[in-house]
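A.B. asks: If you scroll down you'll find the structure; I have some questions about it.
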Amino acid sequence: MERHFERIDGYTGPMPKRATAYSAGYDIAAAKTVVIKPGKIALIPTGIKVKLGHYEYLELVSRSSLPRKRQLVMPNSIGIIDSDYYPNEIMGQFWNISQAPVIINAGYRIMQGIFRSYLLTDDDMATGARSGGFGSTGGN
């Protein structure tokens with residue numbers, strides 16, 4: 001299967017792209033302007049979705065300058081977009097560690113997506129199916 005980004009219907013903003021020939025990550029931008037209050041965590045929509053092959057995922061990591069320039073961090077350090085997450089919109093989860101509201105404007109690059117593959121154990125028996133978007137696999 002070919003891996004690629006797609007726009008969510010109605011989104012006209014920038015598509016993810018690599019900044020240099022040797023960049024590992026595709027820069028991903030906010031789809032709309034979001035204000036994050038001090039100490040709060042917010043989901044930032046990206047306006048995109050991603051198609052992945054079996055045994056692949058998209059790893060979401062914060063852009064290295066985001067904590068210093070915007071005082072935002074990803075509370076779980078990384079995000080994982082599984083291949084069965086498609087066709088749901090990719091969302092970035094960010095925590096404002098400052099004492100003031102932080103404004104992220106539409107089009108501002110907030111994170112990078114790095115394509116990864118993974119292996120399974122010989123005794124893997126997973127049979128569950130995804131039932132929705134962000135945080136939909138449930139459990140503890």
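Read-outs throughout are calculated quantities, based only on the coordinates presented, and are distinct from any laboratory measurement. The shown structure was predicted, so the numbers you read here are calculated from the model rather than taken from an experiment. Reconstructed Cβ throughout: ideal geometry from the backbone, glycine too, with neighbour counts over all protein chains shown.
A.B. asks: Dipole of the chain (Lys/Arg Cβ +1, Asp/Glu Cβ -1, origin at the Cα centre): which of Ile103, Leu52, Ala126 lies farthest to the positive side?
C.D. replies: Of Ile103, Leu52, Ala126, it is Ile103.
A.B. asks: Most fluctuating residue of Asn105, Asn76, Asn96 in a GNM of the chain with Cα springs under 10 Å: which is it?
C.D. replies: With Cα springs under 10 Å in the chain, the top fluctuation among Asn105, Asn76, Asn96 is at Asn76.
A.B. asks: Now for a separate question. Once all Cα-Cα distances of the chain are split into 10 Å bins that start at 0, what whole-number percent is in each one?
C.D. replies: All Cα pairs, binned at 10 Å, distribute as 11, 40, 34, 13, 2 percent.
A.B. asks: Picking from Lys32, Lys40, Lys51, which is most flexible by a Gaussian network model of the chain using Cα springs under 10 Å?
C.D. replies: Lys40
A.B. asks: Could you run the Karplus curve 6.51 cos²θ - 1.76 cosθ + 1.60 with θ = phi - 60° over the range 44-55 and give me ³J(HN,Hα) per residue in whole Hz, x for Gly and Pro?
C.D. replies: Here the 3J(HN,Hα) series is 10, x, 10, x, 10, 9, 9, 9, 10, x, 4, 6 Hz.
A.B. asks: Can you give the charge dipole size of the range 4-117 about its Cα centre, rounded to the nearest 20 debye, using +1 on the beta carbon of Lys and Arg and -1 on the beta carbon of Asp and Glu?
C.D. replies: 560
A.B. asks: Let me ask you something else. Counting only the backbone N, which residues of the range 34-74 are under 20 Å from the spot 7 Å out from the Cα of Ile97 toward its beta-carbon?
C.D. replies: Under 20 Å, as judged by backbone N against the label point of Ile97, lie 35-44, 60-74 of the range 34-74.
A.B. asks: Follow-up. Dividing the convex hull volume of the alpha carbon atoms of the range 50-94 by its residue count, what do you get in Å³ per residue? Spell out each step's value before the answer.
C.D. replies: Numbers: hull volume 3.3 nm³, N = 45.
Enclosed volume per residue, from the Cα hull, is 74 Å³.
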